[in-house]
Amino acid sequence: NVLLLFYIKLGTASQSSTYDSVTTASKANDGRRVSTYADCTHTAMQTNPWWRLLLPGIYRITAVNVTNRVEVPERINNAEIRIGNSAENNEPSSVFQECAVIPSIPAGQTSTFQCGGMEGRFVNVYLPAASLPNVAPSGTASQSTTLSDSARAWNAIDGKSDPVYYHGSCTHTAHDQSDPWWRLLLPGIYRITAVSVTNRDELAERINNAEIRIGNSAENNGNNNPRCAVIPSIPAAQTATFQCGGMEGRFVNVYLPGAAKVLTLCEVEVYGGSFGLTLNLNSTWAVTDDVSLAQVKYRQLLILYTLY
Ligand SMILES: [Ca+2]
């Protein structure tokens, strides 16, 4: 995940990492509201990126307005606004109070998140890896062979993890095939953080030693792409998740090398995001100075870019 953020005037910004020499955190202090790349901050590709605003004192924060980008608006989904007084608070177990988890914001629209006067010096926008969406349903599934009409490749991305093969939501290659495979073709190049596989309730050992491969090459039906994981085993009817660390690719394969094999998958979920994710964060802060109790209102525009 990558977070980029541009803001005006209030506080001091930092971020979990910086993508390049242009997109330093200080770019967020330059007073420009331009939302193009060079005027924004930008983290490196990493897990759990965050951007943090250090306020000049402890404030009570009533609300945060977030304006979403027009393109790919779904990528804002599940970003978290966290408020607190400790800098050691970027992880989910932190002492941060959670003002909001952003469920979604329509393209180009602004949503207000009420923080109820939460107090803090730090305001974080945190994008946990787990928030990356399952992109598998947006892809096209195929497989080396298909046993029957009720065993088609799409069954692994139909949104149902029903492990009972006879319910018709699992894939199944033809019996006793050499090196069977299942392949997901995504609509673009994605960075993939994790892949979950749901195993069948019977004959669970068939999945053993299957390989998850991710990349952009169609060579050997995509089975020659770099390997995310070898599945040692998955208990019957269970789902196992394999971390892929942001591997890039259009193809996600489950490849089962060997003679006389059957590949059955009841669901495959692929967590990741495509390149070019952009998010505008337009924030209005109405705060009360804790010391003077004088009502001090600040208004600032935040333009946040995120890039998976
Ligand atoms: Ca399914």
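The values are calculated or read from the model by the stated rules, or taken from the named source; none is laboratory data. Computed from a predicted model, the values in this text were never measured in an experiment. Here the Cβ is made from the backbone with ideal geometry for all residues, glycine too, and neighbour counts use every protein chain on show.
The table that follows gives values for the structure above.
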| item | result |
| --- | --- |
| Test for D179: is it within 14 Å of the ligand (Cβ to nearest atom), in a loop (DSSP other than H, G, I, E, B) and of a type in the set (D, E) | no |
| Of all residues making up segment 63-111, the number that are at pLDDT below 75, in contact with a helix residue (DSSP H, G or I) (Cβ under 9 Å, 6 or more places away or on another chain) and not β-branched (V, I, T) | 6 |
| Some residue of segment 214-233 being within 16 Å of the ligand (Cβ to nearest atom), of a type in the set (V, I, T) and either out of contact with any Phe, Trp or Tyr (no Cβ under 6 Å at 6 or more places or on another chain) or within 21 Å of P137 (Cβ to Cβ) (or both) | no |
| Search result, residues across segment 195-217 that are in contact with a strand residue (DSSP E or B) (Cβ under 7 Å, 6 or more places away or on another chain) and part of a loop (DSSP other than H, G, I, E, B) | N209, A210, N216 |
| Neighbours by Cβ (under 6 Å, 6+ apart or cross-chain): first from segment 139-167, within 13 Å of the ligand (Cβ to nearest atom); second modelled with pLDDT of 95 or more and of a type in the set (D, E, K, R) | A156/E267; S161/E267; P163/R200; P163/D201; V164/D201; Y165/R200 |
| Those residues of segment 147-176 which are touching a helix residue (DSSP H, G or I) at 6+ places or on another chain (Cβ under 7 Å) and assigned to a loop (DSSP other than H, G, I, E, B), in sequence order | G159, G168, S169, C170, T171, H172 |
| Some residue of segment 178-193 being out of contact with any Gly (no Cβ under 8 Å at 6 or more places or on another chain), surrounded by 15 or more Cβ atoms within 10 Å (Cβ to Cβ) and among the basic types (K, R) | no |
| Condition broken by C170, with the remaining ones in (1) free of Cβ contacts under 8 Å to residues at least 24 places away in the same chain; (2) near the ligand (Cβ under 10 Å from one of its atoms) satisfied | (1) |
| Filter result (part of a strand (DSSP E or B) and more than 10 Å from L185 (Cα to Cα)) within segment 134-146 | N134, Q143 |
| Only one of A240, A229, A236 that is outside any strand (DSSP E or B) and on the phi < 0 side of the Ramachandran plot | A236 |
